[in-house]
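The next block holds one structure in the form of structure tokens; read it before the comments.
The values are calculated or read from the model by the stated rules, or taken from the named source; none is laboratory data. Computed from a predicted structure; not experimentally measured. Ideal geometry is used to build each Cβ from the backbone, glycine not excepted, and the neighbour counts take in all protein chains shown. Please note that ligands, DNA and RNA were not included when accessible areas were found on the heavy atoms of the full protein model with its side chains. Shrake-Rupley method; radii C 1.70, N 1.55, O 1.52, S 1.80 Å.
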Amino acid sequence: MARRKFEAIGSTADIAFLLLCYFLMTTTMGEQSGLQRRLPPIPDAQQAQDQKVNRRNIIIVRINSADKLFAGSEAMDISFLKDKIKEFLTNPNNDPNLPEKEPKDIEGTTYMVSKGVISLQNDRGTSYQAYIAVQNELVKAVNELRDEFAIANFGRRFSRLSEEEQDIVKKAVPQNISEAEPKDTGRR
């Protein structure tokens, strides 16, 4: 009788182990999420010297430890950030305080390309949600500008362009977002 109990316990343990193995092999863990960024190649010495950025070509976007957002020198709600960045990058009225534009030959056609750079800075106390929300607005602004450029020049949205056409749009509307290492900026 005792022997049958041992066999039953052993069989139950074997079955439990097999079920555990089955579930471990067939279950998928949650998808990893994060920001997809391709880092630019490391510039050589000459390129680094040529990449001095004029003050007017930079907009500093800061998030402090209280998750308060600043774009340039003004505090703002995140709902206005995308439009502020689009205006900054396009400089529609050729404002001398907004970025310069330079003619750039891309695949045989000359386009006016903004020299604008977005510098994202955050405090160590900034919440992840606020940081991601700001990142999303910055990328959304660039994506909308790319769509507008694609429609104006190719008659289709960016996502519907061929790979070659998308490369042209990416060169004409670059995504220049510089991220500084988090620091203690205080609650300004």
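The table below lists the values:
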| item | result |
| --- | --- |
| Pairs, first polar (S, T, N, Q) in region 64-75, second assigned to a loop (DSSP other than H, G, I, E, B) and open to solvent by less than 50 Å² (accessible area, probe 1.4 Å), C-beta under 8 Å, six or more apart | Asn64/Gly125; Asn64/Thr126; Asn64/Thr185; Asn64/Gly186; Ser65/Gly125; Ser65/Thr126; Ser65/Thr185; Ser65/Gly186 |
| Subset of region 108-135 that is loosely packed, with under 15 Cβ neighbours inside 10 Å and either in contact with a helix residue (DSSP H, G or I) (Cβ under 8 Å, 6 or more places away or on another chain) or not aromatic (Phe, Trp, Tyr) (or both) - its residue that is nearest to Asn54 (Cα to Cα) | Met112 |
| Residue within region 27-34 that is of a type outside the set (D, E, K, R), surrounded by 13 or more Cβ atoms within 10 Å (Cβ to Cβ), more than 20 Å from Arg146 (Cα to Cα) and modelled with pLDDT under 90 present | no |
| Within region 75-102, considering residues that are over 15 Å from Val139 (Cα atoms) and charged (D, E, K, R), the one surrounded by the fewest Cβ atoms within 10 Å (Cβ to Cβ) | Asp77 |
| Failed item, numbered, when Asp105 is tested on (1) loosely packed, with under 14 Cβ neighbours inside 10 Å; (2) in contact with a strand residue (DSSP E or B) (Cβ under 9 Å, 6 or more places away or on another chain); (3) assigned to a loop (DSSP other than H, G, I, E, B) | (3) |
| Residue satisfying condition, being under 25 Å from Pro182 (Cα atoms) and touching a residue at least 24 places away in the same chain (Cβ under 8 Å), within set Leu145, Leu138 | Leu138 |
